[in-house]
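Enquirer: Encoded as structure tokens, here's the structure I'll be asking about.
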Amino acid sequence: ITVPLSVDLSNCNREPIHIPGFIQPHGVLLALEEADLTILQISNNTFNLFGLYPEQLLNQNLSILLESDQINLLKDCLSPENFPIVNPIDFNIIINDRIVNFDGIIHRLNGILILELEPLGSEKNNAFFKFYHLVKLAMSRLQTVSNVREVSQILAKEVKKITGFDRVMVYRFDESWNGVVIAEEKPEYLTSYLGLHYPASDIPQQARKLYSENWLRLIPDAKYQPAAIVPMHNPLTDQPLDLSKSVLRSVSPLHIEYMHNMGVAASMSISIMKNQKLWGLIACHHQTPKYIPYEVRNTCDFLARMASLEMSVKEDSEDAEYRIKLKSFNAKLIEYMSLENNFIDGLINHEPNLLNLVNAQGATVCFNGKYFHVGNTPEQQDIHNLVEWIYQNLHEDIFYTDALAQVYPEAEKLRHVASGLMALSISKSQKNYVLWFRPEVVQTVNWGGNPNKPVEVTANGSIRLSPRKSFELWKETVLLKSLPWKNCEVNAALELRSAIIGVVLKKADELAQLNI
Ligand code: BLA
């Protein structure tokens with residue numbers, strides 16, 4: 001495989017992985033003229049699988065390879081009502097007087113028919129009923145659980161059971177496309193990746209786009225020799241063949257290197273979708289090469305689709321629960337404020353307190369020139385300076401940022417406590433504020449930085465970027481940033497503002513009455 005010499009994170013995004021011009025050699029790819037089944041392009045590994053060279057097959061009719069009953073079988077599959085659901089087609093090809101079974105997997109591409117043939121060895125499965133049974137069991141288990149984590153755990157367990165992969169994980173993306181392993185099934189002797197976070201660049205943008213169109217990919221042997229598609233350009237379109245929907249598409253060499261660095265010999269991943277958007281992946285690893293027949297992959301795909309639905313429902317209700325929880329925190333804080341002589345004690349000295357209300361690590365109430373703290377907050381002088389800056393620059397009731405140092409450079413030295421800030425104004429003229437702080441995200445999560453030593457030096461001594469090295473580069477892009485504030489957290493703060501003002505006014509009123 002040729003790897004471009006200078007690789008950085010930006011050209012990672014640009015590698016056109018849908019048109020690699022190569023396939024993985026555990027099957028053969030044919031591009032056919034749909035009308036007459038002429039072979040227009042073919043992968044150059046045919047000799048290994050059929051005992052025929054590509055030159056013997058190119059521009060010939062498919063009947064050179066398949067008996068007429070098999071051709072008819074294929075033609076039957078092409079009718080509109082059959083087309084989307086035929087895969088895999090059961091082919092028997094006679095090679096050197098031996099019958100070899102193949103799974104035929106077809107799809108259309110602008111009038112070209114792509115046929116991929118995967119030989120079935122001993123795996124040839126009487127599978128349908130077995131897998132129907134497994135899926136039924138898995139589905140009934142999925143329906144008994146109540147939250148996203150439990151759905152993920154069961155999904156990982158069932159996919160491991162069906163496929164036999166060493167390690168099966170559920171990987172979930174965040175708003176910035178970084179991801180975290182939220183469920184994992186693995187044997188004891190493997191180190192755990194559970195809870196580890198990985199940067200967005202590990203699964204670059206064009207790969208995520210592809211994965212939201214084609215939901216399953218298999219790499220049975222990361223040490224494979226790619227097989228070229230010949231001729232490179234399709235004679236009808238004069239373009240390289242778009243392999244977005246192909247099951248044999250050759251994988252980006254950068255990702256192959258990543259797999260080597262992780263000590264993974266085979267992998268499979270399945271997309272988990274929510275509202276037509278990529279939500280996460282089921283990621284499977286094996287330490288030795290491992291082929292999974294199409295029928296089994298299909299079973300996993302089906303299970304992932306079902307689990308996606310369960311997951312969406314559970315996630316939506318978890319969000320709703322979080323909002324309800326914040327509302328109940330607000331109610332408690334109001335109660336505590338009215339119980340205490342000084343309302344600030346009500347915000348700080350009980351459970352839940354100010355921190356819980358917006359999920360912050362530190363909070364300060366600035367009231368009539370005094371500061372009251374809970375959790376991890378900056379030093380007195382730093383808060384004083386920050387309050388001055390807020391007073392000068394902010395004119396709304398609320399201000400929030402997950403990158404304070406970008407607007408207030410002095411915050412750079414406060415990164416460990418205050419990379420993120422939410423400031424709620426109680427009364428501007430008095431410089432009365434509630435401030436909430438969040439630390440730098442790099443410190444709040446476990447980044448899966450270096451699971452195995454990165455390989456940075458190539459055989460000829462030149463240094464190039466390995467996937468793990470990208471972690472260091474990527475870290476630069478999230479320096480001085482906290483986790484983002486959620487809308488419901490901002491709203492919870494705004495609701496608290498009205499409550500505080502209500503309490504303060506009431507107390508002032510009571511005082512005024514006492515003074516009469
Ligand atoms: C693809 N990267 C992938 C895939 C996964 C990951 C799951 C899908 C392919 C597969 O199924 O194996 C990443 N795998 C992970 C992560 C974990 C895991 C995060 O097990 C965590 C436990 N990758 C890099 C960098 C580049 C890069 C720096 O780290 C680019 C320079 C590229 N990753 C990259 C590309 C693909 C990819 C291009 C697409 C591969 C393809 O489908 O051709």
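Enquirer: Hey, does the stretch 229-237 have a residue that's assigned to a loop (DSSP other than H, G, I, E, B), over 17 Å from the mean Cα position of the chain (by Cα) and on the phi > 0 side of the Ramachandran plot?
Expert: If we filter the stretch 229-237 for residues that are assigned to a loop (DSSP other than H, G, I, E, B), which is where we start, we get 231-232, 234-237.
After this cut, where a residue has to be over 17 Å from the mean Cα position of the chain (by Cα) as well, the list is 231-232, 234-237.
Then drop every residue that is not on the phi > 0 side of the Ramachandran plot, which leaves none.
No: the stretch 229-237 contains no residue that is assigned to a loop (DSSP other than H, G, I, E, B), over 17 Å from the mean Cα position of the chain (by Cα) and on the phi > 0 side of the Ramachandran plot.
Enquirer: Need the failing condition index for Pro84 against (1) exposed (fewer than 11 other Cβ atoms within 10 Å of the Cβ); (2) part of a helix (DSSP H, G or I); (3) at pLDDT 85 or above, just the number.
Expert: Among (1) exposed (fewer than 11 other Cβ atoms within 10 Å of the Cβ); (2) part of a helix (DSSP H, G or I); (3) at pLDDT 85 or above, the lone unmet condition for Pro84 is (3).
Enquirer: So, Gln60, is that one among the polar types (S, T, N, Q) and more than 34 Å from the chain's Cα centre (by Cα) or not?
Expert: So Gln60 fits the description; yes.
Enquirer: Let me ask you something else. Just to be sure I understand, how many residues within the stretch 348-383 are in contact (Cβ under 8 Å) with a residue 60 or more places away in the chain and not in a loop (DSSP other than H, G, I, E, B)?
Expert: Residues that pass the stated criteria total 11.
Enquirer: Which residues, counting only those in the stretch 243-257, are β-branched (Val, Ile, Thr) and under 19 Å from Asn44 (Cα atoms)?
Expert: Val247, Val251
Enquirer: State the number of residues belonging to the stretch 174-186 that are more than 15 Å from Ile270 (Cα to Cα) and either more than 11 Å from the chain's Cα centre (by Cα) or assigned to a helix (DSSP H, G or I) (or both).
Expert: Qualifying residue count, the stretch 174-186: 2.
Enquirer: Let me ask something else about it. Is it the case that some residue within the stretch 219-229 is touching a strand residue (DSSP E or B) at 6+ places or on another chain (Cβ under 8 Å) and near the ligand (Cβ under 10 Å from one of its atoms)?
Expert: Yes, the conditions are met somewhere in the stretch 219-229.
Enquirer: Give me the pairs: first residue in the stretch 208-219 and free of Cβ contacts under 8 Å to residues at least 60 places away in the same chain, second residue among the basic types (Lys, Arg), beta-carbon distance under 8 Å, and six or more apart or on different chains, which are they?
Expert: Going by the 8 Å Cβ cut-off, the qualifying pairs are Glu213/Lys245; Asn214/Lys245; Arg217/Arg249.
Enquirer: Going by what's in this entry, would Arg208 be described as farther than 25 Å from Val28 by Cα and touching a Leu at 6+ places or on another chain (Cβ under 7 Å)?
Expert: So Arg208 passes the test.
Enquirer: Within the group Tyr211, Tyr193, which residue is aromatic (Phe, Trp, Tyr), near the ligand (Cβ under 8 Å from one of its atoms), in contact with a strand residue (DSSP E or B) (Cβ under 8 Å, 6 or more places away or on another chain) and not in a helix (DSSP H, G or I)?
Expert: Tyr193 is the lone residue from the list that is aromatic (Phe, Trp, Tyr), near the ligand (Cβ under 8 Å from one of its atoms), in contact with a strand residue (DSSP E or B) (Cβ under 8 Å, 6 or more places away or on another chain) and not in a helix (DSSP H, G or I).
Enquirer: Out of Val313, Val365, I need the residue that is surrounded by 14 or more Cβ atoms within 10 Å (Cβ to Cβ) and of a type in the set (Val, Ile, Thr). Which one? Quick ask: steps written out before the conclusion?
Expert: Details: Val313 fails: surrounded by 14 or more Cβ atoms within 10 Å (Cβ to Cβ).
Going through Val313, Val365 in turn, just one is surrounded by 14 or more Cβ atoms within 10 Å (Cβ to Cβ) and of a type in the set (Val, Ile, Thr): Val365.
Enquirer: For Phe102, state whether it is under 20 Å from Gly121 (Cβ atoms) and assigned to a strand (DSSP E or B).
Expert: Details: under 20 Å from Gly121 (Cβ atoms): yes; assigned to a strand (DSSP E or B): yes.
Spelling it out, Phe102 is indeed under 20 Å from Gly121 (Cβ atoms) and assigned to a strand (DSSP E or B).
Enquirer: Let me ask something else. Please find, within the stretch 249-289, the residue that is surrounded by the most Cβ atoms within 10 Å (Cβ to Cβ) out of those that are assigned to a strand (DSSP E or B) and within 8 Å of the ligand (Cβ to nearest atom).
Expert: Checked the stretch 249-289; the qualifying residue surrounded by the most Cβ atoms within 10 Å (Cβ to Cβ) is Cys284.
Enquirer: With respect to the numbered conditions (1) at pLDDT 95 or above; (2) farther than 16 Å from Ser269 by Cα, which one is the sole condition not fulfilled by Tyr171?
Expert: (2)
Enquirer: Within the stretch 157-173, which residues are among the acidic types (Asp, Glu) and either in a strand (DSSP E or B) or touching a strand residue (DSSP E or B) at 6+ places or on another chain (Cβ under 7 Å) (or both)? So that I can check it myself, show each step before the final result.
Expert: Initial filter on the stretch 157-173 (among the acidic types (Asp, Glu)): 158, 166.
Asp166 - this is the single residue of the stretch 157-173 that is among the acidic types (Asp, Glu) and either in a strand (DSSP E or B) or touching a strand residue (DSSP E or B) at 6+ places or on another chain (Cβ under 7 Å) (or both).
The values are calculated or read from the model by the stated rules, or taken from the named source; none is laboratory data. These numbers come from a predicted model, not from an experiment. When we count neighbours, we look across all protein chains shown, and the Cβ atoms used for this are built from the backbone with ideal geometry, even at glycine.
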